[in-house]
Structures are given as C-alpha cells and as structure tokens.
Amino acid sequence: MHSPMIRFPRKTRPWLLLGLVTTLFACALPTGAFAQQQNRLLRIAVYPHQGFTRVSLSFLSPPDYTLRVLPGRVRLEVRDADAPSFKKLRNLNDRLIAGVNASEARGVLNVSVPVRVADATAQAVSCANPSVLSIDIGPAMKRVNPVDIAPGREPILAGTERFVRDFDAEPGGVPFSPTDGKLLKELLPEGEALLFQQGESLLYRDRAEEAVNVFAVFDKKGDRVKALASYRLGEAYEKLGRHQEALASFRNAEALWPGYLNQAPELMQPYSDALARTGDFPGARRMLLHLMDRYIGTPYQAELLNRLADLIERNGQKEAALAMYRSVVMYAHGSAAAGRARLKLADRALFSISRDRYRQLLTKYQAIYGEPGDPSSRDEALFKMSLLLALYAPPKDALEAAVTYNRRYPRGIFSTVLSKMREEILFPVYQEAAAAGNDDALVRLAMDNREYLSRCFGDAGFAPRLSQAFEKTGKTAQELELFNYLDGKNWAASSAPFMLSRMVDDAVVLGNAPLAESTARDFLGRYPRDPNLGKVREQLGRLAFEKGDLPGTAAQLAFLKAPKAKASLPDSEYYLGKALQAAKDHGGAVRSLVRFTTGAKSGNPLLPDAYYNLAVELAEVKDYPHALAACQVGASVAGGEMVGQFLFKAGELQVKLGAVREAKASWEKATGMGGTWGKLAGEALNDLNWRMKIAGELP
C-alpha cells in the first residue's frame, strides 16, 4: 500500500511513510507538592505506550505522595487523600499492567498497580497541571546509556527528560473557524444562535470547560443543530483531554449530518486527534490525509505535514517523521511550520550529545529563537536553550539562561519547569561563590533569586553562610528584608528559627526596637526549644534595659544565673548585673558584673561603668579589697571625668581598709582633675584632714 503524494508550492513531492500509533499525554517536571487538606483522587486514565504504560491520576489538589516499586507491583501512597473504588480498573487487558486498585487506610490512599513483566520499573512525573500525576510503568523506564551531562546536574535531567520527550507541542494545522452565521440563523432563533456563537468564542479562547456547558444546551434540538453542537462538543472534549467522550461526540455528529465535514473540513483535525488518542491510528491517518488533500497549495499544507509527522512519530516511525520534518524545513523555509520542524529535528540530540559538543546544538536553538515565527515555537526554543545550558554548561551560564527565560516568558509554557531548573542550578552557583569567599556575589545571588532558593536550603549551612555574607558586606537591612520574605516559605522552614533570630539581631542593629521586640516574641512562641532561644531572650533583655525596664531585663536574663549558663552576647551580663543591682540582689549583681568584666573585649564602652558598679556591689557585701581592685582596674580603662569618679570611690574604700594615707593620695589626685568628682574629693579630703587634726589633738 502506498500513500498519497503531498505537493508543496515549490513542486517537491515527499512520500508519506505510514505506521501504527499509540497515544500519550504531555507531562511536566516532578514537583514535591504538599497536600494541605484532605485531597481526593477524581479520575484514573491508562494509556499504553511503546515500552511502558502510563497511569494518569487526577487529584482535587497537588498530591503529597511516595512511589514504591515492589516485587510484582507498583504502589503509590498519597497522604491525606481518599478515592472512589474505581472497580472497572481492577482488571485491565494491558501488556504491562494487570489493573489499578485504590484503597484507603488511616488517611493514606494506596494506589496499587500489579505488573505483568519482571524487569519493569516506574517513574512518577507530575503534569503541567500540578494536580495531575502520571506514573510510567515498564522496562523502558530503565536507562541503558547515561547522558553525558555535567556532574551534579542529575536532578535537572531527572526532572526534565521525560517531560521533554513526552511534551505535546502544538504541531500546527488549520486554525479554528466559527460556524457560518447564515447557517446558524437558518437553524436557530436569534438568541440561540448568539448563544451558540458565544460557545464557539469560549472554545476559541481555550475555555473548553465552559464551552461544553454551552453546547450541551442544544442536545434536545433538531438533528442538524444537535450535529453542529456535537461537533463542537467533540472539539471541546478533545481540548480537555477527554478523548473517549470527544470521539463519541464526533461520531454522533457525523451520524446525524455526515456531509457537514465536507463543509467544515477543519473539524477533521480534532476528530483525527480523538481517533489517534483512542487507538485508531489508521482512521486518524486517513482523516488527516483527507484534510491535507483539501489544503494542498495553501500555507496550511506544511502545518498539516508537521501534524502528520508528529502523529507517526508518536507511534514509533521516527525515521519517516524525520523525513517529513526535513521536507518542511526545506520547502517551507521561513514559515512558522519550518520553525516547528527545525525544533523537532534539533530535539533528537538534546539528551545524546557529549558535553564538548553542546554548543553546536545551542547554535541551532538560537537560530530558531532568533527567526520570526509563532510565539510558542520561540518560547520552546528559548526553553531548550536554557535546558541545554542547565545540563551541560558552567553553572553561571546556566543560571543566566534560566533568568533570561523567566524574564522574557514569565508566564510561558515552560515557566514552571524553568523555575525548578533554576532552583537546581542555583545550588552549584552558590557553592562556587561560597568556596571563593565572594560574599558580594552570595548576597546578590540570594537577593536576585529569592523565589528560587529552595534547593539551596537543602544545605543546612546555607542560611548561616548567607548571613555571614550579609554581615561581612554590611548589608544588614537587606538581610532583614530577605529573611522576612523567606520566613513564610515552606521550603525554608528548616532554617526558619535561625533566620528569625537573625532578624531580631538585624532589627536591633538598625535601631528598630518595636520590630526587634515583636520578632523576638514571635520566635519565643514558635520555637521554645530552639538552640537560639537564649540569644533571642538576651536581645529582649537588652531592649527592656534600653527602655529602662530593669525588672523586665532581670526576667528575660534570669536564665544566665544558672551555674553553667553562658551568654551569647557578652553585654548581656552587664545588663543583668545592673538589673540585679537595682533589685538589691548584691551577690547576683557581683557575679554577673564579674563575668562581664572578665569576658568583655578591651575597648568595650560599657567596661568603665561595669567596673564602677562592681566596686559598689563588692563594697555592699563588705569585700573592700576586691572592690578597691575593681576601682583601680576601672580607672585604668576609663577616661575623662570618670577617672575622678574611680579615684573618689577608691579613697572611700581605702578609708574603710584603714589606709588613710593612700586615701588622701587618691583624693588629692582627684581634686587636681577638677570637675564634680574633684570637688567632692576636695570636700572629702578637707574632712579627712580635719578629722586627722582633731585626732592628733586628742589625749
């Protein structure tokens, strides 16, 4: 048997090679979506393929699942989910699987798939709709030859390869054409004709679900109206992926009005899709060839040849499909169809080239993207460029490509996949910057990619290393802003306590006391057993001290009174000592001030006051020698008038110790310094001299 010749305007005659077909859905990158409430399995569909069978599961919301490959079966466990019984799927006439069984136990939905072959394995992929999950089961899931990608890029390959291989890009074809208005007016009253046209408008704008509701209204009308509505229902169902219902609607329409397909041949396009996707490849091929024959010599001829190539390629005849794509590139040069065909040809090498040759393929994708064409092809070409670099190129080049795609196509077909790729590629870029000690680069990386840091947070050291970079570059305000944004992200939850504690520190540094206090109290409520708890309480103690709330300071810092407690912030012992001093806890004040003065770094501005108050508290407990020693050390670190204060206090202590001559010397020195303390020292000196004189005159 031979097939008809397809004639191009340039007199080329490529022969069409035909074969048998099976069908598939387009699938997307795996995601770890988390079910946040009771989920439900709504539909199960089974699609046989060459080398594997796909079980497609549609949930109410994105599933939180675990896939297990067990001897003789594949089991999917979906947490917080339930399902109907799906009794009709328990026994299947499939070459690879024997059925699908769904059961629920203790809030976990178990979907069990018995496997007929011994060497089968399984791979779960989520679709462009995150609520749809597909499981590919069969020997084809086992990779024979590994792809020569850059080390560490395996997660990117695992997340994109199946998606790219299965992605059903729009192959082009005859555009949507509305039903002739005159015909509708002949068959329907004006209001109903307008309603029918509204349904077609919804269909044109890819709102197929709404269109189904409109066309279903005409189910009770006459045969011709019912036929028109059934054709449109078939088209709508096909757009929704409900292929069996689409085929039933098309066949019903054709039975009611068989000749209408000749009046509206563009309907053969979705009709042939429905035939192919329900397993009738010969029927799909015949209908598509009949449609192509109607458009010979038009711009749609190349589009339809692409469509036929896509059809036969998905059914195993890759060489014949390649020949068709090459013909479209050669004889429809510069057209959108040629761009789509060039993409198909370039894709052959995407997962098979060696690392040293990826730039040759990159050039091909760049040429496709750079030429005028339909937006979807340019979108796909830029995505393939980004994917190629993500698999083979240095991390910085790969990240730049991903950022470029996100900027140019923020809502593009592949934006979800690109986001996952960007998350993965950020990790090696972070590792390079961290290893090089490039703190500026780390800060820029985090600030520019804040939405894509989930993979980086898989490294427990990421948040502390990033915080260190912010601190070294003096960008405290930026750290506060970023950590505040990340605090609400589930994927950053493991580092949330650390980030929240850093937000407290940053707010204190920036002088934003209300924010620091509210954040600290939020931390205490959320993480009462976290290792950073003490540090956060120390910050609250400092804030209370600065407000003059000494009881509040003592309450927050009371844990430091424990024998083995150690302050994270050295100044905390000073604040506690002052608070205990005000509470007349002289022993506690001495212990805290001693810990502060022995641990504080030289030059700490609180040291002079700490030494003075330590001397005061030691005097209160009658330890005059150590009080005098504190005064002497304090005078050596103090400056200005405070030296006079220490000399005055030293004189008082020396009097207590009976060292009158030394006291006189201390006060004389203080008097010479002037100021308030010099005046007080002078008065004390006069009093001492008078008492000594009186003492000398006594018998």
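Rolling a 1.4 Å probe over the protein heavy atoms gives the range 64-202 an accessible area of 51 Å² per residue.
Only helical runs count toward this figure. For the chain, summing -39,500 (n - 2.57) over DSSP H runs of n ≥ 4 and dividing by all residues gives -18000 deg cm²/dmol at 222 nm. Using a probe of 1.4 angstrom and keeping all protein chains present, the accessible surface of the range 493-532 works out to 47 square angstrom per residue.
Dipole of the chain (Lys/Arg Cβ +1, Asp/Glu Cβ -1, origin at the Cα centre): which of 81, 69, 97 lies farthest to the positive side? Of the options given, the answer is 97. Between the listed residues 466, 579, 417, the Cα displaced farthest toward the positive end of the dipole of the chain, a dipole computed from Cβ unit charges relative to the Cα centre, is found at 417. The apolar share of the surface of the range 68-124, taken as the fraction of accessible area on carbon and sulfur atoms (1.4 Å probe, ligands and nucleic acids excluded), comes to 45 percent. Classify the range 45-164: rounded, prolate or oblate, from the alpha-carbon gyration tensor (a ≥ b ≥ c, eigenvalue square roots; a/c under 1.5 rounded; otherwise prolate if a/b is larger than b/c)? It is oblate, given that a/c is not under 1.5 and a/b is not larger than b/c.
For the range 630-691, give the percent of accessible area contributed by carbon and sulfur heavy atoms, probe 1.4 Å, rounded to a whole number.
Numbers: 1750 of 3270 Å².
Answer for the range 630-691: carbon and sulfur cover 54 percent of the accessible area.
Rounded to two decimals, what ratio of Rg to Rh does the chain give with C-alpha atoms and a Kirkwood Rh? Don't skip to the answer; put the middle values down first.
Values: Rg = 39.6 Å, Rh = 32.1 Å.
On the Cα set of the chain, Rg over Rh gives 1.23.
Surface composition of the range 251-322: carbon and sulfur make up 47 percent of the accessible area, probe 1.4 Å.
Reported to the nearest whole Å, the Cα centre-to-centre distance from the range 439-504 to the range 563-586 is 32.
Its residue count N fixes a reference of 2.2 N^0.38 Å for the range 424-543, and the Cα radius of gyration divided by that reference is 1.03. In order along the range 600-613, phi translates into HN-Hα couplings of 6, 6, 4, x, 4, x, 7, 4, x, 5, 5, 5, 5, 5 Hz, rounded to whole numbers, per the Karplus curve 6.51 cos²θ - 1.76 cosθ + 1.60 with θ = phi - 60° and x for Gly and Pro. Each Cα pair under 8 Å and six or more residues apart adds its separation to the average, and for the chain the resulting relative contact order is 7 percent. Indicate the gyration tensor shape class of the range 348-479 (rounded, prolate or oblate), computed on the Cα atoms with a ≥ b ≥ c the square roots of the eigenvalues: a/c under 1.5 is rounded; otherwise a/b larger than b/c is prolate and the rest oblate. Prolate.
Along the range 66-77 the Karplus relation, 6.51 cos²θ - 1.76 cosθ + 1.60 evaluated at θ = phi - 60°, assigns HN-Hα couplings of 10, 9, 10, 9, 10, x, x, 7, 10, 10, 10, 10 Hz to successive residues, with x for each Gly and Pro. Between the listed residues 431, 666, 501, the Cα displaced farthest toward the positive end of the dipole of the chain, a dipole computed from Cβ unit charges relative to the Cα centre, is found at 431.
The values are calculated or read from the model by the stated rules, or taken from the named source; none is laboratory data. What you see is a predicted model; the values in this text were computed from it and never measured. In this analysis, Cβ positions are derived from the backbone assuming ideal geometry, glycine residues included, and neighbour counts consider all displayed protein chains. Protein only, heavy atoms only, side chains kept; ligands, DNA and RNA dropped before computing areas. Shrake-Rupley method; radii C 1.70, N 1.55, O 1.52, S 1.80 Å.
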